[in-house]
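Note sheet for the following structure.
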Amino acid sequence: MSDAERLAGAGAHLLLAEDDPSAARVLRMILEHSGYRVTVAPDGETALRILDEQGPPDLLLLDWMLPGISGLEVCHSARQRWDALRLPILMVTARTDPESIYAAFDAGASDYVGKPFRGAELRARIESHLRTQRLWAERQEMEEHLAERDKIFTLGLLAGGVAHDLNNPLAVISGHAQVLQRRVQDPQTAEHLAEILAAVDRCAHIVADMLNFARRHPAERIPVDVAQVLHATLGMRTRKLATGGVDLQVDVADDLPIISGDGHQLQQVFLNILVNAEQAVGERGTVRVTARAVPASADDRDVVVEFWNDGPRIPPELLPRIFDPLFTTKAGEEGTGLGLFICRRIVREHGGTVEARSNAEGTTFTVCIPAHPPAPPARS
Ligand SMILES: Nc1ncnc2c1ncn2[C@@H]1O[C@H](COP(=O)(O)OP(=O)(O)O)[C@@H](O)[C@H]1O
Ligand SMILES: [Mg+2]
C-alpha cells in the first residue's frame with residue numbers, strides 16, 4: 001500500500017497560497033506525493049478569486065506574507081464565509097513569535113506550522129484536519145437522512161389519519177349519488193351525477209394511496225402466482241384502454257416461478273405503474289407489458305416484469321426523483337406523487353428492485369422479484 005492510499009484524505013483538494021515559486025514547488029511536491037490535489041495561488045487576490053469562483057476546497061494552506069492581500073487577510077475573509085468544520089485553514093509561515101501565532105488564530109486559522117517545517121509534520125496536521133472534516137460531513141449527511149425519514153414518518157401518520165376520516169364521507173357521497181342515478185330520468189342530470197361519481201372514484205384512489213403510504217406492516221409471505229396477479233391487474237384496465245386509443249400489448253410467459261409474497265400489494269405495484277403508463281401516453285399510444293423468468297442462481301429464478309410505453313421522455317434530471325414521496329409532475333387531482341414511492345417500498349419488502357429508464361422512444365419500468373426473498377424483508 002502506498003503512502004497516498006494509507007491517507008484518509010487522499011484525493012482531497014487543497015488550495016495553497018504561496019508567492020515564492022520554489023517554496024510553492026516544494027510544497028506542491030510534498031502534497032501531491034501524499035495523494036492530494038493541489039491548486040496554487042501566487043497571491044492573496046488570486047486565492048480569494050479562486051474561493052469565489054470554485055467555492056471552498058477541502059483545506060486552505062496560507063503563507064502569511066503575500067504580495068497585496070496578506071495570508072492573514074485571506075484567512076479572515078474565508079473564515080467569514082465558512083466555519084472551521086467546513087474549511088480547515090492552515091497557516092504556514094516563518095512568523096513564529098507568539099504574537100503572530102495569536103493573530104493567526106484570531107483571524108480564524110485552524111492550525112499553524114512554522115517554516116522551516118518537516119514534510120511529515122505538515123502532512124500529519126493536514127490529515128488530522130481532513131479526518132475531522134470528513135467525520136463532520138458524514139454526520140451532517142446522516143442527520144439530513146434521519147430528518148428526511150422523520151418527515152416521511154410524520155407525513156405517513158398524518159396522511160393515514162386524514163385518509164381514514166375521508167373514507168366515510170366519500171362512501172356517503174357515492175352512495176347517495178348512486179341512488180339518485182337510479183332515479184333520474186333527465187339525461188343532463190344523469191351526466192352531472194356521473195361526473196360526481198367519477199370525482200369520488202378519483203378521491204378514493206388518492207385515499208387508497210395515502211393509506212398505503214401510511215401503512216407500516218410488512219408484506220405477507222404466501223405463494224403468489226405473479227402471472228395471475230398481472231392478468232387480474234390488466235383486466236381492471238383493459239376496458240378503459242380499449243375504449244380509448246391506447247394499444248395494450250401483453251406478453252406473459254407461462255413458466256413463471258411461484259414467488260413468496262403478498263399478491264394484493266404486488267397488484268398495487270402493477271396497477272400504479274400501469275396507470276402511470278396510461279397517463280403518460282394520454283389519448284393515443286402503446287403500452288407493452290411483458291413478464292419472464294430470469295435465472296438468478298443455479299437453482300433459483302427471478303420474475304422480471306417490464307412496463308413500456310411510448311409517451312414523452314422523463315427528463316434525465318427528474319429521473320432520479322420520481323420514486324421520492326410526493327414527487328409529481330401532474331397538476332391538480334391527477335397525481336399524489338405517492339405511487340412510485342409505495343411501489344418501491346413494496347418491491348423492496350419482497351427483496352426485489354424496481355427501476356426506470358427513459359429515452360426518446362419511450363419509458364420502461366422494470367420490476368424484478370426474487371422467487372425466494374431473503375428474510376427478514378428489507379424495510380425502506
Ligand atoms: N410511465 C411514465 N412516463 C413518464 N413519466 C412517468 C411515468 N411514470 C411515472 N412518471 C413520473 O413520475 C412521477 C411520479 O409518479 P408517481 O409516484 O406514480 O406519482 P403520480 O402519478 O401521482 O404523479 C409522475 O408525476 C411522472 O412525472
Ligand atoms: Mg402514479
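The values are calculated or read from the model by the stated rules, or taken from the named source; none is laboratory data. As the structure is a computational prediction, the values presented were derived from the model and not from experiment. Methodologically, a virtual Cβ is constructed for each residue, glycine included, from the backbone with ideal geometry; neighbour enumeration extends over all protein chains shown.
Worth a mention:
- For the range 187-202, filtering for residues that are in contact (Cβ under 8 Å) with a residue 60 or more places away in the chain and crowded, with 16+ Cβ neighbours inside 10 Å leaves 0.
- Of note, residue 326 does not satisfy the criterion of being over 24 Å from residue 251 (Cβ atoms) and either in contact with a strand residue (DSSP E or B) (Cβ under 7 Å, 6 or more places away or on another chain) or hydroxyl-bearing (Ser, Thr, Tyr) (or both).
- All told, residue 286 meets the bar of being farther than 30 Å from residue 157 by Cβ, out of contact with any Cys (no Cβ under 6 Å at 6 or more places or on another chain), in contact (Cβ under 8 Å) with a residue 40 or more places away in the chain and in the same structural domain as residue 227 (by TED's automatic domain parsing).
- The range 267-288 - residue that is away from ligand 1 (no atom under 12 Å from the Cβ) and of a type outside the set (S, T, N, Q) and, of those, surrounded by the most Cβ atoms within 10 Å (Cβ to Cβ): 270
- Inside the range 292-303, residues that are surrounded by 15 or more Cβ atoms within 10 Å (Cβ to Cβ) and farther than 18 Å from residue 271 by Cβ make up a count of 5.
- Top-ranked residue in the range 335-353 [being within 7 Å of ligand 1 (Cβ to nearest atom) and of a type outside the set (Val, Ile, Thr); ranked as nearest to residue 294 (Cα to Cα)]: 340
- Index of the failed condition, residue 330 passing every other in (1) within 13 Å of ligand 2 (Cβ to nearest atom); (2) surrounded by 20 or more Cβ atoms within 10 Å (Cβ to Cβ); (3) modelled with pLDDT under 95: (2)
- Single residue of 354, 269, 347, 275 found to be in a helix (DSSP H, G or I), farther than 27 Å from residue 244 by Cα, touching a residue at least 40 places away in the same chain (Cβ under 8 Å) and within 16 Å of ligand 2 (Cβ to nearest atom): 347
- Check on residue 122, under 37 Å from the mean Cα position of the chain (by Cα) and surrounded by 15 or more Cβ atoms within 10 Å (Cβ to Cβ): no
- Residue identified as outside any strand (DSSP E or B) and within 30 Å of residue 205 (Cα to Cα) among 103, 159, 137, 78: 159
- For residue 87: the one exception among (1) buried (at least 17 other Cβ atoms within 10 Å of the Cβ); (2) more than 27 Å from the chain's Cα centre (by Cα): (2)
- All told, residue 264 meets the bar of being closer than 30 Å to residue 150 by Cα, part of a helix (DSSP H, G or I) and away from ligand 1 (no atom under 16 Å from the Cβ).
- Filter pass, residue 250 being in contact with a Phe, Trp or Tyr (Cβ under 6 Å, 6 or more places away or on another chain) and either assigned by TED's automatic domain parsing to the domain that holds residue 338 or on the phi < 0 side of the Ramachandran plot (or both): no
- Residue check, residue 321 surrounded by fewer than 17 Cβ atoms within 10 Å (Cβ to Cβ) and either more than 26 Å from residue 283 (Cα to Cα) or not assigned by TED's automatic domain parsing to the domain that holds residue 204 (or both): yes
- Residue that is farthest from residue 349 (Cα to Cα), among those in the range 165-186 that are among the small types (Gly, Ala, Ser) and exposed (fewer than 15 other Cβ atoms within 10 Å of the Cβ): 175
- Residue 227 vs. criteria touching a strand residue (DSSP E or B) at 6+ places or on another chain (Cβ under 8 Å), among the hydrophobic types (A, V, I, L, M, F, W, C), surrounded by 15 or more Cβ atoms within 10 Å (Cβ to Cβ) and modelled with pLDDT of 85 or more: yes
- When 255, 300 are checked against the criterion of being acidic (Asp, Glu), over 26 Å from the mean Cα position of the chain (by Cα) and within 20 Å of residue 222 (Cβ to Cβ), 300 stands alone in meeting it.
- Condition met for residue 310 (more than 12 Å from ligand 2 (Cβ to nearest atom), of a type in the set (Asp, Glu) and either touching a residue at least 12 places away in the same chain (Cβ under 8 Å) or surrounded by 18 or more Cβ atoms within 10 Å (Cβ to Cβ) (or both)): yes
- The residue that is farthest from residue 210 (Cα to Cα), counting only those in the range 132-157 that are among the basic types (Lys, Arg) and more than 16 Å from the chain's Cα centre (by Cα), is 134.
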